[in-house]
Amino acid sequence: MTLDRAKLADMYYRMWLIRHFESRARWLFQQDLVRGSTHTYTGEEAVAVGACAALNRDDYITSTHRGHGHCLAKGGDPRRMMAELLGKATGYCKGKGGSMHIADLDLGILGANGIVGGGIAIATGAAYSAKVRGTRQVVICFFGDGAANQGVLLEAGNMAALWKLPVIYLCEENQYAEFSPSRPFFAVERLEQRALGLGMEGIPVDGNDVLAVYETVRQAVERARAGQGPSFIVAKTYRWEGHTVGDPLTYRPAGEAEQWKTPERDPIARFGKYLVEQAGFAPAELEEMNQRAEAEIEAAVQFAMDSPEPAIATLWEDVYA
Amino acid sequence: MAVREISYRDAINEALREEMERDPTVCIFGEDVGRYGGPFQVTRGLYERFGEWRVRDTPISEEGFTGMAVGAAMTGLRPVVEIMYNDFVTLAMDQIINQAAKARYMFGGKARVPMVIRTQGGAGRGNAAQHSQSLEMWFVHIPGLIVIQPSTPYDAKGLLKSAIRNDNPVIFIEHKLLYVTTGPVPEEEYLVPIGVADIKRAGDDVTIVATSRMVHFALQAAGELEKEGIQAEVIDPRTLKPLDIDTILRSVKKTGRLVVVNEGHLTGGFTAEVAARVQREAFDWLDAPIMQVATEDVPIPYNRQLEWEAMPSVADIINAVKSVVYR
Ligand SMILES: Cc1ncc(C[n+]2csc(CCOP(=O)(O)OP(=O)(O)O)c2C)c(N)n1
Ligand SMILES: [Mg+2]
């Protein structure tokens, strides 16, 4: 594994960026400043950050309704994201998308998606496109353990395997799908077994270990760039919070989440421990990164609050039919 | 300009071939479109010319390959998807409605989805309820989709070329019974602009707006009506969305009477939409109620007589015209 100090620091910083972003998003939702519904990625930071650390800037990702983490991990601008959450003109979508529809085409972020499994075929098509255009781009398709039950996964995954497309299906097994545990809804013992039916090997990874995710995805990226086709990775993780902000969580055993928030399991604490014990970081450095990330998110909130509402005339902008 | 008589099918084939020669990012996805040349032989010869990456035989996975086209379109290709029968769009609907149609607007204007979905619809061939529908209005209803239904080889070729060059998703609905029809098509390259209706026949007494194969029914009806001294103007919108309402309104303001013909079902259909807009924008010019000629609100039956009874006929159009010219 070849992660230099700067890269490790960047990954750690991004994990905090996500955690602070989500805690502010939750607060803004509770203040009624964020409309609709908002899904937080808290506790799953290692998946997006580890995976995107293995990508180049011009590689692609498709994201989900729980997309803030993917976007930040791929380099998305927290100011424009926060402005989008507040529906402002300066937001990524000029206030027309909101939390579930953030995209940054310049960073290869082909969009969060309000349709569960909605990114699966799109990611596969982006990989087809990379192949036809002869670029060496790869695509990571993030999707949930609930989305794994969408039929499109069979269709698109089969085609990716048939034509050796450079796409990585990265299932985030956070153990819940909306207001139910996900486990009672798949007949296989382990989700990665699904990959067999697609003509791929299913690779499980500890989704709370950012370095494990990075290494697993890095190898998949290498295979994809070498023309060896798609991969199917299942990252085992845990959704700390409710499905949406405001979820009463009646379906979750009391005390369960706390077991995932311990220093041994919390993905940020785990990575911090590694950085101190094995990579020569001082605890003060880590704390400084945490505070810098918090300040960046605070500035993003301020930027969003200070930004103008979109002009009413923009209702008709980008309408062609 | 040299003009030949070619079939609707060949005109579409020429459009695909020319655009693929012109632009290496144009790719075709669909079932049996490659080696076999297409279930309706529309893509004949393209696989041999452009190879498997540009003319892709897909598994029977409509949602999968339609969604792949969306992703490919967002990242630099111009895919042309073939959905064998428009009835099968049901399987791909999420990709069309929630993904392709939404991306540009929902993502704030930056995303482009330059893709075409070619499909074919229509009844009259005994294909029964799941292979005979006219589902154009499902798409017309959705902001973000351009909807085209060509009635002639000339329009089919010129409009498909425009559709492929357009930066937005286009639903291009052919008619299964028009593939073998022929018409004049120039040798030279030409485009037909999207969103522009065509007056297929001029007349002063009544306006008939008709789409797809119904244009030919309307022209036949107009020929019969002429014998009785009724001059019908036949307008083919060619593009259903965005609709060239101005051409229709101009005609109605001249004739004062309107019959709308469409092969989709009557309820919630194209005829109702045109009628609503015309009464809203040209009420004072109307001398008679607007008449609608559309397919009955029943699934398309298999039996020949039942099928014909369900569909609009030339006689239905003639009767509708007579009822508005009060003869
Ligand atoms: C097609 C579709 N069905 C249902 C929903 C409602 N819904 C939103 S998120 C969700 C659960 C998704 O679970 P999972 O894929 O595991 O993602 P997670 O929320 O755990 O990240 C559901 C059912 C939807 N948005 N789209
Ligand atoms: Mg889940």
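The numbers here are math on the coordinates, done by the rules we state, and not lab data. Quick caveat, the model's predicted, so the values are computed rather than measured. Here Cβ is always computed from backbone atoms with ideal geometry, including for glycine, and neighbour counts include all displayed protein chains.
Let me know the mean shielding of B:144-155 by other chains, meaning the per-residue number of their Cβ atoms within 10 Å of its Cβ. Let's see the in-between values first.
On the way: counts 4, 2, 2, 1, 0, 0, 0, 0, 0, 0, 0, 0.
Per residue, the number of nearby Cβ atoms from other chains is 1 on average.
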For the stretch B:1-144, what's the relative contact order in percent, using C-alpha pairs closer than 8 Å and at least 6 residues apart? 20 percent
Quick check: from the Cα gyration tensor, does chain A come out rounded (a/c under 1.5), prolate or oblate? rounded
Cα-based Rg of the stretch A:129-176 normalised by 2.2 N^0.38 Å, two decimals: 1.27
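Across peptide B:27-34, how many C-beta atoms of other chains are within 10 Å of each residue C-beta, on average?
Values: counts 3, 0, 3, 0, 0, 0, 0, 0.
If you average over the peptide's residues, the count of other-chain Cβ atoms is 1.
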Pairs of alpha-carbon atoms within less than 8 angstrom and 6+ residues apart define the contacts here; what relative contact order does chain B have, in percent? 16 percent
Give me the three principal axis extents of the stretch A:58-211 from the C-alpha atoms, as integers in angstrom, largest value leading. 45, 42, 30
In the neighborhood of B:G256, defined by Cβ-to-Cβ distances under 12 Å, what is the net charge if each Lys or Arg adds +1 and each Asp or Glu adds -1? -2
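From the square roots a ≥ b ≥ c of the eigenvalues of the alpha-carbon gyration tensor of the stretch B:3-186, which class results: rounded (a/c under 1.5), prolate (a/b over b/c), or oblate?
Values: a/c = 1.43, a/b = 1.20, b/c = 1.19.
Since a/c stays below 1.5, the shape of the stretch B:3-186 is classed as rounded.
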If one compares the long axis through the Cα atoms of helix B:214-227 with the longest principal axis of the Cα atoms of chain B, the angle in degrees, nearest 10, works out at 30 degrees
Arrange A:H70, A:H39 by Cβ neighbour counts within 10 Å, fewest through most, would you? A:H39, A:H70
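Students often check this: by mean Cβ neighbours within 10 Å, which of B:75-81, B:50-56 ranks highest, and how do the rest follow? List each step's numbers first, then the result.
Details: B:75-81: 25.4, B:50-56: 17.4.
For the peptides B:75-81, B:50-56, the packing ranking is B:75-81, B:50-56.
Net charge near A:A160: determine it from the other residues with C-beta under 15 Å of the C-beta of A:A160, scoring Lys and Arg +1 and Asp and Glu -1. Could the numbers behind the result be given before it?
On the way: positive: A:K131, A:K164, A:R194, A:R223, A:R225, B:R56; negative: A:E155, A:E201, B:E63.
After counting each charged neighbour, the total is +3.
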If I fit a long axis through the Cα atoms of helix B:153-165 and take the longest principal axis of the Cα atoms of chain B, what angle between them do I get, 0 to 90°, rounded to 10? 50 degrees
Test item: B:98-105 mean partner chain Cβ contacts at 10 Å: 5
Simple spin-label model, 7 Å along Cα-to-Cβ: B:D297 to A:Q259 in nm? 5.7 nm
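Would you kindly state how much longer the chain becomes between A:R225 and A:L315 on full extension, computed as 0.36 nm times their sequence separation minus their alpha carbon distance, in nm to one decimal? Please list the in-between numbers first.
Details: separation 90, 0.36 × 90 = 32.40 nm, distance 4.14 nm.
Once the chain is fully extended between A:R225 and A:L315, it gains 28.3 nm.
What is the ratio of the Cα radius of gyration of the stretch A:50-127 to 2.2 N^0.38 Å, where N is its residue count, to two decimals?
Taking the Cα Rg and dividing by 2.2 N^0.38 Å, one obtains 1.01.
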Equivalent ellipsoid semi-axes, the protein assembly as shown, via Cα gyration tensor eigenvalues times 5, rooted, Å: 52, 26, 21
Mean shadow area of the stretch B:198-324, taken as a quarter of the surface of its Cα convex hull (nm²): 7.3 nm²
Bins of 20 Å, starting at 0 and running to the largest distance - Cα pair percent for chain B: 33, 57, 10
Given the C-alpha centroids of the stretch A:202-277 and the stretch A:45-90, what is the distance between them in whole angstrom? 16 Å
With Cα atoms, 0 to 90° folded angle of helix B:8-22 axis to chain B main axis: 40 degrees
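What number comes out for the charge environment of B:D94, summing +1 per Lys or Arg and -1 per Asp or Glu over other residues with Cβ under 15 Å away? Intermediate results must be reported in sequence, preceding the final value.
Values: positive: B:K102; negative: A:E155, B:E62, B:E63.
Neighbourhood net charge equals -2.
Mind pulling the per residue volume of the convex hull built on the Cα atoms of the stretch B:154-266? Å³ is fine.
Enclosed volume per residue, from the Cα hull, is 124 Å³.
List A:M15, B:M214 from most exposed to least, where exposure is judged by having the fewest other Cβ atoms within 10 Å.
Details: A:M15 26, B:M214 32.
Starting with the residue having the fewest Cβ neighbours, the order is A:M15, B:M214.
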Listed peptides B:100-107, B:22-29, B:232-239 by packing density, highest first (mean Cβ within 10 Å): B:232-239, B:100-107, B:22-29
So which residue, out of B:E18, B:E226, B:E188, gets the largest mean-square fluctuation from a GNM of chain B using Cα contacts under 10 Å as springs? B:E188
Within 10 Å, at most 16 other Cβ atoms, and a DSSP state outside H, G, I, E, B define an exposed site. Report the longest part of chain A free of exposed GluC sites (Glu not before Pro). A:1-177
Could you tell me the convex hull volume per residue, in Å³, taken over the Cα atoms of the stretch A:197-293? 166 Å³
Highest-MSF residue in chain A out of A:L191, A:L55, A:L162 [GNM, Cα springs under 10 Å]: A:L162
Percentage, to the nearest whole number, of Cα pairs in the stretch B:100-214 over 18 Å apart: 58 percent
Any idea how far apart B:W53 and B:D204 come out in nm if each label point goes 7 Å out from Cα toward Cβ? 6.2 nm
